[in-house]
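Everything below concerns the one structure shown next.
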Amino acid sequence: MNTTSSPDELRNRLVDEVRNNGYATNPRVEYVMRTVARHAFVPEAELTEAYDDNTVVTKRDTDGKSLSCASEPSIVAMMLDQLDPQPGQRILEIGAGTGYNAALLAELVGPDGEVTTVDVDDEVASQARRNLDDQGYERVRVVTRDGVLGVPEHAKYDAIILTVGAWDIPATWREQLVVGGRIVLPLRFRGTTRSILFVRPSSEDRLESHGMRLCGFVPLTSQYGDREESIDVDGHVQIGWDCDQPIEASVLSGVLDLEGVTEWSTAEVGPFDPFDGIWLHTAMHPGGCRISADENAVSTGLCKPIIRYRTPALVDSDSVAYLVAQPCEGSGDGDRRSRLGATGHGPRARELVQAMLHAIAEWDTDRGRVPIATILQSGVRSESAADVLIRKTECRMMLRFEKS
């Protein structure tokens, strides 16, 4: 971007880009993003960085890992589109960050609404408070607390939004939501994270999904529901899975040294075609998880997943299969298409490869299809049908694809 441009010009260019990416489709969301000065909430960032469509990290731990940030504007817009806050509503935000999202929410609910934002990190919450006050948003309530607890003293809320990644959904969030209320959160399951809109129906014990979109967020610090460990002796390849899954990395140690099995599907993708929907089909398998490989693993041929740092995988005891791709025959620079397939290792490699090919085929029949998710608190009985049941600590997540 041109460094001589004014903040208003940069902000409008950013929102134009966000709109071109398919977000801020709600005119009210577009308006507030053109109104609120994002650079004022990331004062240490360069002006051009503040108005780039990327995350701005504002706090790191001693290892350099991001602890707090201003989220990517496109993702901010996407989640606000999902939440659709209305004037006069009461909103709870979990994850105060820089205060920027709370300012957008305050504009959306107007002077008759209320916004409460909560963060477990006192330093982050204090900075959000200062940023909000400096920009005239004194009416936004900032609370320092573990977001898992919510803020019951100001409940109930018409809507709840999480700007941190969650692995579980505690009863506190559902209980602090009005009947018919909406909650949008980045939820981690089976190796992937989706921003899911849930609505609390008249039933007191459940949440029902109304769409989900791919995203990624800094995790909620008090929830540890997934694990990641190496499956080769030199630590070049990692498997990530949920704690409810019967996966043991030690059983897989050395499996990649066994002769691999590779088979190809009929599905093809172009260089800019999304294929993240395959995750939603591998999640239906009890061993659905993720695999990552460093540059050494890829260059030596030990493991060559389609995306090096995060690729859908399936595990069954001592065997693993993962998504791969190869250039289509005759594909050149003008039409760089790739065929999708699966590579497996171990005694059950062929079975897992076939399961991965089935997931690819299911996705390929309708690439935009997403499952319906129902959240039930642990211990609550249900007669609802589900293709898969994911048991988390405080809730059960039921997933099913509607028959086409």
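The values are calculated or read from the model by the stated rules, or taken from the named source; none is laboratory data. Everything numeric here is computed off the predicted structure, so don't read it as measured data. Ideal geometry is used to build each Cβ from the backbone, glycine not excepted, and the neighbour counts take in all protein chains shown.
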Legend entry - residue 30 being farther than 28 Å from residue 223 by Cβ and without any contact (Cβ under 8 Å) to a residue 60 or more places away in the chain: yes
Legend entry - residue 236 being under 30 Å from residue 72 (Cβ atoms), buried (at least 19 other Cβ atoms within 10 Å of the Cβ) and under 21 Å from the mean Cα position of the chain (by Cα): no
Legend entry - Extreme residue, nearest to residue 351 (Cα to Cα), among residues of segment 270-305 that are among the aromatic types (Phe, Trp, Tyr) and under 19 Å from the mean Cα position of the chain (by Cα): 279
Legend entry - Residues being hydroxyl-bearing (Ser, Thr, Tyr) and either out of contact with any strand residue (DSSP E or B) (no Cβ under 7 Å at 6 or more places or on another chain) or not in a strand (DSSP E or B) (or both) - total across segment 285-343: 5
Inset, instruction - Looking only at segment 239-256, decide whether some residue is loosely packed, with under 15 Cβ neighbours inside 10 Å, modelled with pLDDT under 95 and closer than 30 Å to residue 96 by Cβ. - result: yes
Legend entry - Residue within segment 246-262 that is among the hydrophobic types (A, V, I, L, M, F, W, C) and either in the same structural domain as residue 79 (by TED's automatic domain parsing) or within 25 Å of the chain's Cα centre (by Cα) (or both) present: yes
Inset, instruction - From 195, 202, 209, grab the single residue that is buried (at least 19 other Cβ atoms within 10 Å of the Cβ) and either in a loop (DSSP other than H, G, I, E, B) or in contact with a Cys (Cβ under 9 Å, 6 or more places away or on another chain) (or both). - result: 195
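Given the residues 266, 262, 282, 300, which is the only one that is touching a Pro at 6+ places or on another chain (Cβ under 7 Å) and modelled with pLDDT of 95 or more? Spell out the reasoning first.
Working: 266 fails: touching a Pro at 6+ places or on another chain (Cβ under 7 Å); 262 fails: touching a Pro at 6+ places or on another chain (Cβ under 7 Å); 300 fails: touching a Pro at 6+ places or on another chain (Cβ under 7 Å).
That would be 282, the only listed residue that is touching a Pro at 6+ places or on another chain (Cβ under 7 Å) and modelled with pLDDT of 95 or more.
Is it fair to say residue 227 is part of a strand (DSSP E or B), touching a helix residue (DSSP H, G or I) at 6+ places or on another chain (Cβ under 6 Å) and not acidic (Asp, Glu)?
no
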Inset, instruction - Considering every residue within segment 81-95, establish whether at least one is polar (S, T, N, Q), over 22 Å from residue 173 (Cα atoms), assigned by TED's automatic domain parsing to the domain that holds residue 31 and modelled with pLDDT of 95 or more. - result: no
Legend entry - Residue list for segment 315-373, filter: within 17 Å of residue 259 (Cβ to Cβ) and among the charged types (D, E, K, R): 318, 348, 350, 351
Inset, instruction - Mind telling me which of the residues 177, 162 ends up being surrounded by 20 or more Cβ atoms within 10 Å (Cβ to Cβ), free of Cβ contacts under 8 Å to residues at least 24 places away in the same chain, in the same structural domain as residue 118 (by TED's automatic domain parsing) and closer than 17 Å to residue 90 by Cα? - result: 177
Inset, instruction - Keeping to segment 98-142, report how many residues are part of a helix (DSSP H, G or I), touching a strand residue (DSSP E or B) at 6+ places or on another chain (Cβ under 9 Å) and aliphatic (A, V, I, L, M). - result: 10
Inset, instruction - Could you check residue 185 against (1) part of a helix (DSSP H, G or I); (2) buried (at least 24 other Cβ atoms within 10 Å of the Cβ) and say which number it fails? - result: (1)
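Every residue, every condition in (1) modelled with pLDDT of 95 or more; (2) in a strand (DSSP E or B); (3) among the hydroxyl-bearing types (Ser, Thr, Tyr), yes or no:
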residue	(1), (2), (3)
352	yes, no, no
360	yes, no, no
364	yes, no, no
373	yes, yes, no
382	no, no, yes
385	no, no, no
Inset, instruction - Output the residue which, of all residues in segment 150-163 that are modelled with pLDDT of 95 or more and either assigned to a helix (DSSP H, G or I) or among the hydrophobic types (A, V, I, L, M, F, W, C) (or both), is nearest to the chain's Cα centre (by Cα). - result: 162
Inset, instruction - Select, from 133, 121, 52, the only residue that is acidic (Asp, Glu) and either within 24 Å of residue 183 (Cα to Cα) or touching a residue at least 60 places away in the same chain (Cβ under 8 Å) (or both). - result: 121
